[in-house]
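One structure is given here, and the rest of the page talks about it.
Here, each number is a calculation from the coordinates, and none is a lab measurement. Model, not experiment: these values are computed from the prediction. Cβ atoms come from the backbone with ideal geometry, glycine included; neighbour counts cover every protein chain shown.
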Amino acid sequence: MTENVVIVGPGRMGLALGMALRQEAVVDRLTYYGRALEPPPHPLFDAGEEEGAAYRVGPHPVPSGTTALILAVPDAALGDVAYDLSLAGPAPPGCAALHLSGALSTDALAPLHAVGYSVGSMHPLQAVADPWSAGDRLVGSAFAVGGEPAAVATARRLVDGLGGRALVIPPMLRPVYHAAAVFASNYLVALIAIAVRLLLQASVPEEDALPAILPLVRGTLDNLEKLGIPAALTGPIPRGDADTVRLHLARLSPEDRELYSALGRELLRLAHAAGLDERRAADIESLLSRP
């Protein structure tokens, strides 16, 4: 099926998604609606409407033949944008309206449902910081889909076209799903920032700290991908080295010790399930549980 897609919101995620859809030849026609008079600088708009994307000042009537209307706007703006779009006219036949929020249900799209759109969601499980290069990252990524059956079918077609994995998340569990994404992405950045700070405390020059950490992070991710979680466990806790854990705790600040212990207890549960013997696990748990 040929996809004719309108994306509302030419921000980072909207542009990255459009770029991915164009790269993978998923769309025949791609149009953006934005509030500025001119489109943002981006290769999609440099390529022209046939090879890239058109730009319209919105809200604007959705063209006949559009198969998906994608709202790539902040969560707080979804309701207002959906209402404004509903005033622009009824849905083209068979068109789905999809938002990209990870935590929200389709309730915010109620105004569009009222004018004939099937409503759903399609949240990319990917970190998008750069709209120029992130299109490549969306290809092959997982997307959380949900909503009415017709909208889910549209979302699945788009995800399949990107070579991705569709995850069907019940509405009540979307906040849990989104929290998982926060742990995997945002908290990973926080953990690396802590590691960099500790290297600085260990007298590593600032210009060397992050470059020294990143190969370790990449190696860990590579192990996870190739071996799975249990086999990727390394370090003092999985091997039951209580003496090293004690040494770490003795030299960390109270704030860092609290974080180390909280994460260490989770790591200990994984190590115990992977076969760490009871005595060594108990010794380490005692260390990690001390105030």
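Laid out as a table, the results:
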item: Farthest positive-ward along the chain dipole, Cα basis, beta-carbon charges - from Ile284, Pro93, Val119; result: Ile284
item: Matching label, Kirkwood radius over Cα pairs in Å computed from the structure shown, candidates [x] 18.3; [y] 19.9; [z] 21.6; result: [z]
item: Qualifying trypsin sites (Lys or Arg not before Pro) in segment 192-236, DSSP loop, other Cβ atoms within 10 Å at most 16; result: none
item: Difference of contour (0.36 nm per residue) and Cα-Cα distance, Ala274 to Val182; result: 30.6 nm
item: Bridge type composition, the chain - antiparallel percent by DSSP, nearest 5; result: 15 percent
item: Computed magnitude of the charge dipole of segment 171-291 (debye, nearest 20; Cβ of K, R +1, Cβ of D, E -1); result: 280 debye
item: About the Cα centre, charge dipole magnitude for segment 3-172 (Lys/Arg +1, Asp/Glu -1 at Cβ), debye; result: 260 debye
item: Burial ordering of Leu100, Leu216, Leu287, fewest other beta-carbon atoms within 10 Å first; result: Leu216, Leu287, Leu100
item: Rounded if a/c under 1.5, otherwise prolate or oblate - segment 132-265, Cα gyration tensor axes; result: prolate
item: Sites Arg56 and Trp132, calculated FRET efficiency, Cβ-Cβ separation with R0 30 Å, nearest 0.05; result: 0.85
item: FRET efficiency, Thr234 to Asp107 (Cβ-Cβ, R0 51 Å, nearest 0.05); result: 0.70
item: Nitroxide proxy distance, nm - points 7 Å out along Cα→Cβ at Leu37 and Leu221; result: 4.2 nm
item: GNM flexibility winner over the chain from Pro63, Pro211, Pro175 (Cα, springs under 10 Å); result: Pro211
item: Gaussian network model of the chain, Cα within-10 Å springs - most flexible of Pro90, Pro254, Pro39; result: Pro254
item: Segment Leu249-Val189, length gained on full extension (0.36 nm per residue, minus Cα span); result: 19.4 nm
